[in-house]
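Report on the following structure.
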Amino acid sequence: MKLRLAFTLAVTTFTLCTASLASAAEQVQITDPYIELHTGPGRGFPIFFVAPRSQWIGIELRHTDWYKVRTEDGKVGWVTRQQLESTLTDAGDKKTFRDMLLDDYLSRRVQMGAAWGQFKSEPMLKLWTSYRFSETLSAEGTLGQVQGLFSGTDFWHINLLSEPWSDQRISPFFSIGLGKFKNIPNPSLIGATPTDAQLANASIGVRYYLTDRFVLRSDYTFYTAFVADTRSLEYRALTAGISFFF
């Protein structure tokens, strides 16, 4: 008896939840002669039902450019975005859909990238990763290496990065940060000693959203290495590279 009661309550709860989700789905009206419902989100799935003009359907879920819809009589299937673009909303306006890639770009959180450039006229390679806290503010960690003629330099720094127009395809940014700097002279240099110092930097740059999940980036950075209490070394670097987001 208890098992039957529990089963009845579970079925009732499921039915109420399903009805609630169905009622919460956005309703649109078909204006084309018909819309084809597939059994799955792809053209490889067969068409099992055709919904006629003037019927209302509810949009419940999106998967890539396919949308899960529910008809007035409860049939559930998948429809392409192209077919839904001709439908009308409750207000009588044409339904609009924002491009998926733009959605991904605007909601990006983590980025990773690499760049090549010049550090005080010497070749430089750097790798970075960043996490976006808000639309305009990110934290970024960078590892860099410079292979000079007379010495090699390794450094790292963590920056706070501001990107005021992060929703634009071309987006300038500014950053400041702190880190460590280590310069190791070539063994052939007599009397040269390694330098291990605190590092501060400030950067200005620009990002350009290329395509899919890839972003081009170029930046100009001013570095200050504090090698002693009363002595510091200054360097400038210009780099360009590519990153991807997810």
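Any chance region 69-78 includes a residue that's over 30 Å from L199 (Cα atoms), assigned to a strand (DSSP E or B), among the hydroxyl-bearing types (S, T, Y) and over 27 Å from the mean Cα position of the chain (by Cα)? The answer is yes; a qualifying residue exists. Between S134, S166, the distinction of being at pLDDT 90 or above, within 20 Å of M112 (Cβ to Cβ) and either out of contact with any strand residue (DSSP E or B) (no Cβ under 6 Å at 6 or more places or on another chain) or small (G, A, S) (or both) belongs to S134 only. Starting from residues that are part of a strand (DSSP E or B) and loosely packed, with under 14 Cβ neighbours inside 10 Å, keep the ones in region 49-60 and report whichever is farthest from the chain's Cα centre (by Cα). So the residue we want is P52. Of the residues Y235, Y223, Y209, the single one that is over 19 Å from I176 (Cα atoms) and assigned to a strand (DSSP E or B) is Y209. When T142, T153, T136 are checked against the criterion of being farther than 16 Å from T221 by Cβ, among the polar types (S, T, N, Q), open to solvent by less than 90 Å² (accessible area, probe 1.4 Å) and in contact with a Ser or Thr (Cβ under 9 Å, 6 or more places away or on another chain), T136 stands alone in meeting it. Mind checking which residues of region 157-178 are surrounded by fewer than 17 Cβ atoms within 10 Å (Cβ to Cβ) and either touching a Cys at 6+ places or on another chain (Cβ under 8 Å) or assigned to a strand (DSSP E or B) (or both)? Across region 157-178, the qualifying residues are I158, L160, S162, I170, P172, F174, I176, L178. Being of a type in the set (G, A, S), at pLDDT below 90, farther than 17 Å from S86 by Cβ and surrounded by 13 or more Cβ atoms within 10 Å (Cβ to Cβ) is a property that A10 lacks. Considering every residue within region 106-113, establish whether at least one is surrounded by 13 or more Cβ atoms within 10 Å (Cβ to Cβ), at pLDDT 80 or above and under 16 Å from Y34 (Cα atoms). No, that holds for no residue.
The values are calculated or read from the model by the stated rules, or taken from the named source; none is laboratory data. Keep in mind that what you see is a predicted model, and the values were worked out from it rather than measured. Cβ atoms come from the backbone with ideal geometry, glycine included; neighbour counts cover every protein chain shown. For accessibility, only protein heavy atoms count, side chains too; no ligands or nucleic acids. Shrake-Rupley method; radii C 1.70, N 1.55, O 1.52, S 1.80 Å.
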